[in-house]
Amino acid sequence: MLTHSYFLRFDPKQWKQQQPYAPLGTIYAAAVLREAGYSVALHDTMFSEAAEEITSTIEKEKPRYVVIYDDGFNYLTKMCLTNMREAAFRMAKIAKQYGCKVIVSSSDSTDHIKEYISNGADFIVLGEGEQTLFGLVDYFEKNQKSIESIPGIAYLSGNKIILNSKREVLKELDNIPMPAWDLVNIKLYKEAWLNKWGYFSMNIATTRGCPFKCNWCAKPIYGNRYNSRSPEKVAEELLYLKKHFSPGHIWLCDDIFGLKPGWVKKFGDIAEKENLQLKFKLQCRADLLLQEDYISDLARMGCESIWMGAESGSQKILDAMDKGINLSQVYEATKLLKKYGIKPAFFLQFGYPGETLDDIRMTIKMLLDLMPHDMGISVSYPLPGTIFYEKVKEELKQKSNWTHSDELALMFHNTYPPAFYKHLHRFIHKLYRSKQASISLKNIISKPVEINWKEVRKSLSIFYYTPASMIYKWRMSKLVKLHSI
């Protein structure tokens, strides 16, 4: 029986957002085991109220193995939130009470092997998990190998934790069966999306890994390897989803989309031929979004929005992050996306070591200059296995993980106190919304014939966002002065 440790209700911001995506990594693993001839069941925790709900599924399915297999394709699980870790511990302990072997595969368990084994896990899967999980189950069911010969696992032997040799990542991704979508109660996901947003979005991965080396980005599953599915296989899965679940939107949840030369053009040709007619959102880098034919192919295949890691408007901070892009590329990519009707969206990161008020002002200037369609703001978050983590790990004695995704706690010493960055987050959001309202107001004045109530509502929000942004700016200024005394 497979499950995962992401509980939407345990993440207040995401529960309010109501944009749930099925645990793709989990149902990939289920598909591999099922193809190998094993019976599988899924306990999906996405909408669960408590970890203890796993009890009824265990009693119903009577599994020999309970596998807590987190979705490594979703950035929310990569954040290693303590709410989810504690839920994983509770599920593992419950499974042990029923005599199940407990296997865990996740970024967090890779970084905290001892803690997971102390809380009920028999085995931790390290790195890419499907083949390792299959090998481990085969070992117990068929007793074909010694446990030491199975690469990619950690376990307790006597009083010592053993780490077996690493397993190489899969190169031929087309050999992996389609995710076991039939195990998921898609109705719950669809209702959540339709009730909140009026459309239904599903997730699909076309690649695994990222070859770039931003020094704050943790890669415990795939490392720096990058492998791609064929456009034909991706189209086949999209046609399956369209036929069985009728999504109106797709999140292409790759870390970096379309890096393989010619892939996007070929997929665009197939999408047109098969009449896929689905809107997409994806993640990419600014320096990969500078070729006009590439952008036109993305538009042709139905790309609606692209999230890019703009991170900072200060070249000094981008260089300190080893981001590998320059500021002019962010400007050029944004303008090119808008030209082709694709909505740019920015990930912004504040609080990286060495960042000053001048660097923050540069980031705000970039944001207001370019006015992306959307943005996400975070503060620098050190995760094990990164250069950034090594720089600040001595300061992480009391706290090293957020409880939920909106905590935004600065867990190491920096230029300004942690409260400053919380106010900064709110200030920038209010400032950005205020400018959006100002743009809407100008549109109404310049084109009164084309007026619509949505534009009017947005323009009127200026009377809330402008004074709200000034309040947060005042609060930040007080904190900076207090900190400098």
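The values are calculated or read from the model by the stated rules, or taken from the named source; none is laboratory data. Since the structure is predicted, the reported quantities are computational estimates derived from the model, not experimental observations. Virtual Cβ from ideal backbone geometry, glycine too; neighbours counted across all protein chains shown. Only protein heavy atoms, including side chains, enter the accessible area calculation; ligands, DNA and RNA are left aside. Shrake-Rupley method; radii C 1.70, N 1.55, O 1.52, S 1.80 Å.
Points worth noting:
- The stretch between Asn175 and Met371, if pulled fully straight at 0.36 nm per residue, gains 66.4 nm over its current Cα-Cα span.
- Length released on extending from Asn443 to Glu49, taking residue separation times 0.36 nm less the Cα-Cα span: 137.3 nm
- Cβ-Cβ distance of Ser328 and Lys260, R₀ of 41 Å, FRET efficiency by 1/(1 + (r/R0)^6): the value works out to about 0.95.
- Subset of Lys316/Lys397; Lys338/Lys454; Lys187/Lys393 violating a 32 Å alpha-carbon distance limit: Lys187/Lys393
- For the chain, relative contact order (Cα pairs under 8 Å, six or more residues apart, normalised by length) works out to 12 percent.
- Length added when fully stretched, Ser146-Gln18, from 0.36 nm per residue minus Cα-Cα: 41.5 nm
- Share, in percent, of DSSP beta bridges within the chain that are antiparallel, nearest 5: 20
- Cross-link partners of Lys60 among aspartates and glutamates (Cα-Cα below 19 Å; sequence separation of 8 or more within a chain): Asp44, Glu49, Glu52, Asp182
- Taking the protein heavy atoms of the range 211-257 in the context of the full set of protein chains, the accessible area attributed to carbon and sulfur is 55 percent at 1.4 Å.
- Charge context of His249, other residues only, Cβ under 9 angstrom, K/R +1, D/E -1: +1
- Taking the helices alone, the chain has a mean residue ellipticity at 222 nm of -13500 deg cm²/dmol, built from -39,500 (n - 2.57) per DSSP H run of at least 4 residues and averaged over all its residues.
- Per residue accessible area in Å² of the range 130-221, where ligands, DNA and RNA are left out and the probe is 1.4 Å: 52
- Net charge of Cβ neighbours under 15 Å - reference Trp181; Lys, Arg +1; Asp, Glu -1: 0
- Each Lys and Arg Cβ is given +1 and each Asp and Glu Cβ -1; about its Cα centre, the range 313-444 then shows a dipole of about 600 debye.
- In this structure, the pairs whose alpha-carbon distance is over 32 Å, taken from Lys233/Lys339; Lys339/Lys473; Lys171/Lys281; Lys339/Lys442, are Lys339/Lys473.
- Directionally averaged projected area (convex hull, Cα atoms, the chain), nm²: 24.3
- Straight-line cross-link partners of Lys365 among the aspartates and glutamates, defined as a Cα under 16 Å from its Cα and at least 8 positions apart when in the same chain: Glu311, Glu332, Glu355, Asp374.
- What the Cβ-Cβ distance of Asp319 and Lys233 gives, at R0 = 45 Å and to the nearest 0.05, is a FRET efficiency of 0.75.
- Per residue, the average separation of C-alpha pairs within less than 8 Å and at least 6 apart gives the range 432-485 a relative contact order of 38 percent.
- Greater than 29 Å apart at Cα, pairs in Lys260/Lys391; Lys62/Lys142; Lys16/Lys260: Lys260/Lys391; Lys16/Lys260
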